[in-house]
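Presented below is the structure to which this report refers.
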Amino acid sequence: MRIAMIGTGYVGLVSGACFADFGHVVTCVDKDAAKIQALQGGQMPIFEPELDRLVDANVRSSRLDFTTDLSRPVAEADAVFIAVGTPSRRGDGHADLGYVYAAAEEVARHVNGFTVVITKSTVPVGTGDEIERRIKRINASSDVAVASNPEFLREGAAIQDFKHPDRIVIGTEDERARGVLSEVYRPLYLNRAPIMFTGRRTAELIKYAGNAFLATKITFINEMADLAERVGADVQEVARGIGLDNRIGAKFLNAGPGFGGSCFPKDIRALIKTAQDFEAPLRIMESVINVNENRKRAMARKVASLFGGNLRGKTIGVLGLTFKPNTDDMRESPAIPIVVALQDLGAAVRAYDPVGMDQAREVMDGVEFCVDAYHCAEEADALVIVTEWEQFRALDLNRLKSVMACPAIVDLRNIYEPDVVRQQGFIYESVGRPMKAA
Ligand SMILES: NC(=O)c1ccc[n+]([C@@H]2O[C@H](COP(=O)([O-])OP(=O)(O)OC[C@H]3O[C@@H](n4cnc5c(N)ncnc54)[C@H](O)[C@@H]3O)[C@@H](O)[C@H]2O)c1
């Protein structure tokens, strides 16, 4: 199959490289000339484990290339995937579909012969219908089927997720489109990845419903953590105790500082808007987004509570800035509002992240960026673990203590055993576990 991937971000680049690795011939297109130039020179624009090796191997085999000009790849393609961003629209939280429609309209001008145009971007229900209308308006004689194929990969494990998906969802009523997409995903089908064909609107809704459910699970355990703290219970054991029930499942039950990232917040806001437009409000999701928003500042207050409620004159070291480990993505990272709230409470903030420092510098003001975790701890009155990078799991506690002004750790990811840290002479607080001073 010949594939054109429009948009070469996290999803487009990973999907394009994996499709090439399946044996298809893929051209990844992006409007961002600097990004394309970097990729042509072998530089990855994002941090994603194993991605450089996969891209390099497929470029060498002539199955993968990069361009800013979609005319040739679209004209030659059997399948054109749209994987451009769908950020929150400024002001109202609806999904901004400007990039998607602009890409679809440009595609419409260049399609040649039967072509399946597939939205991989996360788009509200009905977007496929509108894409179809726009393509027909621009190129009435085109022979195009529009399908939905939402992407479920997780940053940080994106290649593994793409190649071993829990399921593939394809939304189309068109038999020929089914045939093309079956062929595109055939290698995964042979690996017995469940492939689900459904209506286009249903596929669009599946993506949002999935993210909404996961965000609800996180928010549920976070509220349970707050209650556990008050009543002297341990949320980790509560999570295990309920997670062993197969109807619930153990994943996504880690209490923490609240969800962030490039997908959950914006997708849930967009879903809430869609639901309101269709007069079927999603009250649970409205609560989820509110509870999650308020949680970030509450985490800063948790730090301040170690010092009587304010942080004036205190220095706080923040470990981990990206919204989760193994990515450099700072989009809606909980670290951003937490740092602002710490500053609002009077703190001077030092911070360190293993790969997200450049991205963090662009979105954080007044922060002293450090070269490693120990540098970050220097003269700090407390160290706050915000993102659970592997390298923070086994810090040399004695060394930390020797450089800190006050040996206090607020572990927002519960990566340490409270007793172990407290025995080393630290004040240690975490999330949803019995509070105790050293
Ligand atoms: N990041 C994830 O983990 C993830 C997972 C599943 C689904 N999604 C969804 O996939 C979509 C893309 O997300 P992302 O994180 O890859 O976004 P991104 O911002 O990393 O990448 C989007 C790319 O599209 C390019 N672009 C925009 N308009 C274009 C056009 N007309 N022609 C060519 N290129 C254009 C941009 O320059 C950018 O490089 C979103 O809808 C997102 O919700 C993301």
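Annotations
- The selection criterion, being in a helix (DSSP H, G or I), near the ligand (Cβ under 10 Å from one of its atoms) and under 22 Å from Ala177 (Cα atoms), does not hold for Glu132.
- Count of the stretch 161-188 residues which are in contact with a Lys or Arg (Cβ under 9 Å, 6 or more places away or on another chain), of a type in the set (A, V, I, L, M) and outside any helix (DSSP H, G or I): 2
- Scanning the stretch 97-116 for residues that are surrounded by fewer than 16 Cβ atoms within 10 Å (Cβ to Cβ) and assigned to a loop (DSSP other than H, G, I, E, B) returns Asn112, Gly113, Phe114.
- Search result, residues across the stretch 138-152 that are open to solvent by 30 Å² or more (accessible area, probe 1.4 Å) and within 13 Å of the ligand (Cβ to nearest atom): Phe152
- Near pairs, Cβ below 6 angstrom, 6+ apart or cross-chain, from the stretch 72-96 (farther than 18 Å from Val125 by Cβ and in a loop (DSSP other than H, G, I, E, B)) to any residue that is open to solvent by 50 Å² or more (accessible area, probe 1.4 Å) and more than 15 Å from the ligand (Cβ to nearest atom): Ala77/Arg2; Asp78/Met1; Asp78/Arg2
- Taken over the stretch 59-71, the criterion of being assigned to a helix (DSSP H, G or I), more than 14 Å from the ligand (Cβ to nearest atom) and either surrounded by fewer than 17 Cβ atoms within 10 Å (Cβ to Cβ) or of a type in the set (Gly, Ala, Ser) (or both) is satisfied by Arg60 alone.
- Residues (closer than 18 Å to Pro354 by Cα and surrounded by 16 or more Cβ atoms within 10 Å (Cβ to Cβ)) located in the stretch 386-414: Val386, Thr387, Glu388, Trp389, Phe392, Leu395, Leu400, Asp411, Leu412, Arg413
- Conditions (1) part of a helix (DSSP H, G or I); (2) more than 16 Å from the ligand (Cβ to nearest atom); number of the one not met by Ile218: (2)
- Candidate set from the stretch 5-15 (those that are part of a helix (DSSP H, G or I) and either within 6 Å of the ligand (Cβ to nearest atom) or in contact (Cβ under 8 Å) with a residue 60 or more places away in the chain (or both)); member that is surrounded by the most Cβ atoms within 10 Å (Cβ to Cβ): Val14
- Candidate set: the stretch 295-313, residues that are assigned to a helix (DSSP H, G or I) and over 31 Å from the mean Cα position of the chain (by Cα); chosen: the one farthest from Thr216 (Cα to Cα): Phe307
- Summed over the stretch 101-111, residues that are closer than 16 Å to Thr127 by Cβ and more than 8 Å from the ligand (Cβ to nearest atom) total 5.
Per-residue answers, yes or no, for (1) more than 22 Å from the chain's Cα centre (by Cα); (2) open to solvent by less than 40 Å² (accessible area, probe 1.4 Å):
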residue	(1), (2)
Arg192	yes, no
Ala212	no, yes
Ala239	yes, yes
Pro265	no, yes
Thr274	no, yes
Val288	no, yes
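- If you go through the stretch 16-34 and keep only what is within 15 Å of the ligand (Cβ to nearest atom) and buried (at least 20 other Cβ atoms within 10 Å of the Cβ), you end up with Gly16, Ala17, Cys18, Phe19, Val26, Thr27, Cys28, Val29, Asp30.
- Conditions (1) open to solvent by 10 Å² or more (accessible area, probe 1.4 Å); (2) within 16 Å of the ligand (Cβ to nearest atom); (3) over 28 Å from Asp143 (Cα atoms); (4) under 22 Å from the mean Cα position of the chain (by Cα); number of the one not met by Val55: (1)
- Residue list for the stretch 316-359, filter: more than 16 Å from the ligand (Cβ to nearest atom), acidic (Asp, Glu) and touching a Ser or Thr at 6+ places or on another chain (Cβ under 7 Å): Asp353
- The stretch 231-279 - residue that is more than 16 Å from the ligand (Cβ to nearest atom) and of a type in the set (Asp, Glu) and, of those, farthest from Tyr208 (Cα to Cα): Asp234
The values are calculated or read from the model by the stated rules, or taken from the named source; none is laboratory data. What you see is a predicted model; the values in this text were computed from it and never measured. Heads up, the Cβs are rebuilt from the backbone with ideal geometry, glycines too, and the neighbour counts pull from every protein chain shown. What goes into the accessible areas is simple: the full protein's heavy atoms, side chains included, and nothing from ligands, DNA or RNA. Shrake-Rupley method; radii C 1.70, N 1.55, O 1.52, S 1.80 Å.
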